[in-house]
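Okay, structure first, notes after.
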2 protein chains.
Amino acid sequence: MPPGAAPALDVVAVGHAIVDVLAPAEDALLERLGLVKGTMALVGDGEAAAIYRAMGPGTEVSGGSAANTAVGVAALGGAAAFIGKVRDDQLGEVFAHDIRAAGVRFDTPPATAGPGTGRCLIPVTADAERTMVTCLGAAAGLSAGDVDAGLVAAAAVTYLEGYMWDPPGGIAALRAAMAAARAAGRAVALSLSDPFCVERHRAEFVELVDGGQVDLLFANEAEVVGLLEAASFDAAVAGVARLPVLAALTRGEAGSVVVRGGEVVAVPAEPVAEVVDTTGAGDLYAAGFLFGFARGREPAACARLGGAAAAEVVTHLGARPQRPLRTA
Amino acid sequence: MPPGAAPALDVVAVGHAIVDVLAPAEDALLERLGLVKGTMALVGDGEAAAIYRAMGPGTEVSGGSAANTAVGVAALGGAAAFIGKVRDDQLGEVFAHDIRAAGVRFDTPPATAGPGTGRCLIPVTADAERTMVTCLGAAAGLSAGDVDAGLVAAAAVTYLEGYMWDPPGGIAALRAAMAAARAAGRAVALSLSDPFCVERHRAEFVELVDGGQVDLLFANEAEVVGLLEAASFDAAVAGVARLPVLAALTRGEAGSVVVRGGEVVAVPAEPVAEVVDTTGAGDLYAAGFLFGFARGREPAACARLGGAAAAEVVTHLGARPQRPLRTA
């Protein structure tokens, strides 16, 4: 596709292909397992098995941060694709079925050897907070060769989850995706994913944003404060204002703040009757924002779409919308 | 254990070890796939794959009719065990984790070769009805050698799901379980499972009940009418009254009818604010009834416990209780 042609897709998302295992849990379980509520921890097979044994009966649903965002874009009526790696096993079949059934294009070939499809164990506490324990498995094996440059060129925005910087092999895939987007004159969006993820990859993330390689930045309070090593959210906003990026900063029930240069717009959250499970709130905020952005809406309108999408996903267990999302 | 010793377990359930795949569906999908709403159809791998492709994004939860009943007994505070076959694959791991995490003893060794862990595809329509498409996989491989006679002897009741008569190999396992229960002086319970299942195995079921090999019989209206080839539910009740069995006949929101000889007691259903998914209603009715029976309660009290357990499980998606069940 020549640079500048009208995009056939709204969003192509690049991320870890993961099946979530959700189970109600007591706060005491998190303490006993040494987990920090609301964050994501990476573990190996052995530790995952031990934590799984300590958890109650679960519900399996397809997840993955960027994959959830792609599904959200589709639920808004947008055209979305996902690039990520599963293994040719039962959970890989579940992941592929679910994302395609949600209307997202997913063509990345599954691995035929190596670790199984990635899983994320998610104890959900009574306060609706989710704590994630991820065993990446096959998801860590995404390679540059898996990135379909034509697909990336066809999308208005290429969206990368920060978690993808975790496995050493993933970075080549991200570079390939960013290069393909740039070559086609498309936008690149980055989600910082998690405060510990920012801690692990702060230098790379700063370089990407400082260097103008990212057009759109998604972060929550803890993540943006960590990225800029700021003393407060306000200080972080001031810091972001000096960066060459459009930033959408989420603050949970306090809504979001959109920052572009000196322009700072606060957008309130949608009221929610009962928050059941916050899993996917950030992913769906990104979906709404990206859909608006791809369709040429103003940043504040994009933030409102993000807030509305997030408000739907927190009303039920699981990180993907259960009904079509409204676009106005 | 010598006959007559106090049972260490309330219930040991023998059935298919199955992982359910639930997805919201339109009535039109059932028609297109030729499925009869509210019933269970057995399919092979190829047909299951085609139906799965036609279904929307799913939620995986452990299921299996008798396994759900065992979990229900545990949720009532009873001591329960399950005998059934999974494969040593990802869904088998999910099944084993979930039933153990629910407090049910599950020691049947997984198959190390052959078909994968059984799955049941369940389109759930807007009227909360579930339609089941089962691919038995490894569950069909339960053998007499898998039946731990000591475990059966330790349980007040051995509960058999009618579905177990479907795979030809399963009958030897059932005979072994019934023989072990009888030898220990324990009760045997049979669920007729599904009207089509009754159609397939009517002669065997009649022989079991007529011959006094079953102490407790669970059936819904269509199943008991089918078993007795009766013209109406009332005619079926009259027929059951002549059989040497205590029968608990469920009628959905009309409650249940307990029949023992000439004694017929109708017990109303528990009121439910919103029925979300009827999956598991019959399984949980059996759980409540069996728990009461194992603890020496009167049949009408058993039926009330069954109704209360069923009322909980229809308020959410999935066939297993999401909270401890009340026992009075």
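The values are calculated or read from the model by the stated rules, or taken from the named source; none is laboratory data. In this text the structure is predicted, and so the values were computed from the model without any measurement. All Cβ positions, even for glycine, are placed from backbone atoms using ideal geometry, and neighbour counts span all protein chains on display.
When A:Val73, A:Val86, A:Val147 are checked against the criterion of being β-branched (Val, Ile, Thr), buried (at least 18 other Cβ atoms within 10 Å of the Cβ) and within 14 Å of chain B (Cβ to nearest Cβ), a single residue qualifies: A:Val86. Could you say which residue among B:Ala319, B:Ala301, B:Ala287, B:Ala310 is of a type outside the set (Lys, Arg), assigned to a loop (DSSP other than H, G, I, E, B) and touching a helix residue (DSSP H, G or I) at 6+ places or on another chain (Cβ under 8 Å)? Matching residue, one of B:Ala319, B:Ala301, B:Ala287, B:Ala310: B:Ala319.
Among the residues of the range B:276-289, is there at least one that is farther than 16 Å from B:Ser193 by Cβ and without any contact (Cβ under 8 Å) to a residue 60 or more places away in the chain? No, the range B:276-289 contains no residue that is farther than 16 Å from B:Ser193 by Cβ and without any contact (Cβ under 8 Å) to a residue 60 or more places away in the chain. Looking across the range A:89-121 at every residue that is under 16 Å from the mean Cα position of the chain (by Cα) and not hydrophobic (A, V, I, L, M, F, W, C), the one that is farthest from the other protein chains (Cβ to nearest Cβ) is identified as A:Gly118.
When A:Ala128 is tested against (1) touching a residue at least 60 places away in the same chain (Cβ under 8 Å); (2) in contact with a helix residue (DSSP H, G or I) (Cβ under 6 Å, 6 or more places away or on another chain); (3) small (Gly, Ala, Ser), just one condition goes unmet, and that condition is (2).
Taking the criterion of being of a type outside the set (Phe, Trp, Tyr), within 20 Å of B:Leu9 (Cβ to Cβ) and in contact (Cβ under 8 Å) with a residue 24 or more places away in the chain, the residues of the range B:293-309 that qualify are B:Ala294, B:Arg295, B:Cys302, B:Leu305, B:Gly306, B:Ala309.
Residue selection: A:Glu207 satisfies the criterion of being surrounded by fewer than 15 Cβ atoms within 10 Å (Cβ to Cβ), part of a helix (DSSP H, G or I), out of contact with any Leu (no Cβ under 7 Å at 6 or more places or on another chain) and modelled with pLDDT of 95 or more. When the range A:23-36 is filtered for residues that are loosely packed, with under 15 Cβ neighbours inside 10 Å, more than 14 Å from chain B (Cβ to nearest Cβ) and either within 17 Å of A:Ala138 (Cβ to Cβ) or touching a residue at least 60 places away in the same chain (Cβ under 8 Å) (or both), the ones remaining, listed by number, are A:Asp27, A:Val36.
Name the residue that is farthest from B:Leu227 (Cα to Cα), counting only residues in the range B:180-204 that are of a type in the set (Gly, Ala, Ser) and part of a strand (DSSP E or B).
Here is the first cut: in the range B:180-204, the residues of a type in the set (Gly, Ala, Ser) are B:180-181, B:183-185, B:187, B:189, B:191, B:193, B:203.
With part of a strand (DSSP E or B) added as a condition, the list becomes B:187, B:189, B:191.
Values: B:Ala187: 21, B:Ala189: 16, B:Ser191: 12 Å.
Checking each candidate, the answer is B:Ala187.
Determine whether A:Leu227 is over 27 Å from A:Leu9 (Cα atoms), surrounded by 24 or more Cβ atoms within 10 Å (Cβ to Cβ) and in contact with a Phe, Trp or Tyr (Cβ under 8 Å, 6 or more places away or on another chain).
On the way: over 27 Å from A:Leu9 (Cα atoms): yes; surrounded by 24 or more Cβ atoms within 10 Å (Cβ to Cβ): yes; in contact with a Phe, Trp or Tyr (Cβ under 8 Å, 6 or more places away or on another chain): yes.
Yes; evaluated as a whole, the condition is true for this residue.
Of the residues A:Gly46, A:Gly56, A:Gly103, A:Gly92, the single one that is under 23 Å from B:Val86 (Cβ atoms) and in a loop (DSSP other than H, G, I, E, B) is A:Gly56. Scanning the range B:70-128 for residues that are more than 16 Å from B:Gly280 (Cα to Cα) and among the β-branched types (Val, Ile, Thr) gives B:Ile83, B:Val86, B:Val94, B:Val104, B:Thr108, B:Thr112, B:Thr117. Return the residues of the range A:91-110 that are buried (at least 24 other Cβ atoms within 10 Å of the Cβ) and closer than 15 Å to A:Cys135 by Cβ; say none if nothing qualifies. Of everything in the range A:91-110, those that are buried (at least 24 other Cβ atoms within 10 Å of the Cβ) and closer than 15 Å to A:Cys135 by Cβ turn out to be A:Leu91, A:Phe95.
Just the residues that are of a type in the set (S, T, N, Q) and without any contact (Cβ under 8 Å) to a residue 60 or more places away in the chain, please, taken from the range A:169-215.
As a first pass, look at the range A:169-215 and keep what is of a type in the set (S, T, N, Q): A:191, A:193, A:213.
The answer is A:Gln213, and nothing else.
Away from every other protein chain (no Cβ under 14 Å), out of contact with any Ser or Thr (no Cβ under 9 Å at 6 or more places or on another chain) and modelled with pLDDT of 95 or more: is that true of B:Ala301 in this structure?
Working: away from every other protein chain (no Cβ under 14 Å): yes; out of contact with any Ser or Thr (no Cβ under 9 Å at 6 or more places or on another chain): yes; modelled with pLDDT of 95 or more: yes.
So B:Ala301 passes the test.
In the range A:37-59 there is no residue matching the filter, namely being farther than 24 Å from A:Val314 by Cβ, among the small types (Gly, Ala, Ser), within 12 Å of chain B (Cβ to nearest Cβ) and within 18 Å of the chain's Cα centre (by Cα). Close contacts from the range B:39-50, counting a first residue that is among the polar types (S, T, N, Q) and a second that is outside any helix (DSSP H, G or I), with Cβ to Cβ under 8 Å and a gap of 6+ residues or different chains, come to B:Thr39/B:Thr131; B:Thr39/B:Met132; B:Thr39/B:Asp194. Taken over the range A:83-130, the residue count meeting the criterion of being under 30 Å from A:Arg32 (Cβ atoms), modelled with pLDDT of 95 or more and of a type in the set (S, T, N, Q) is 2.
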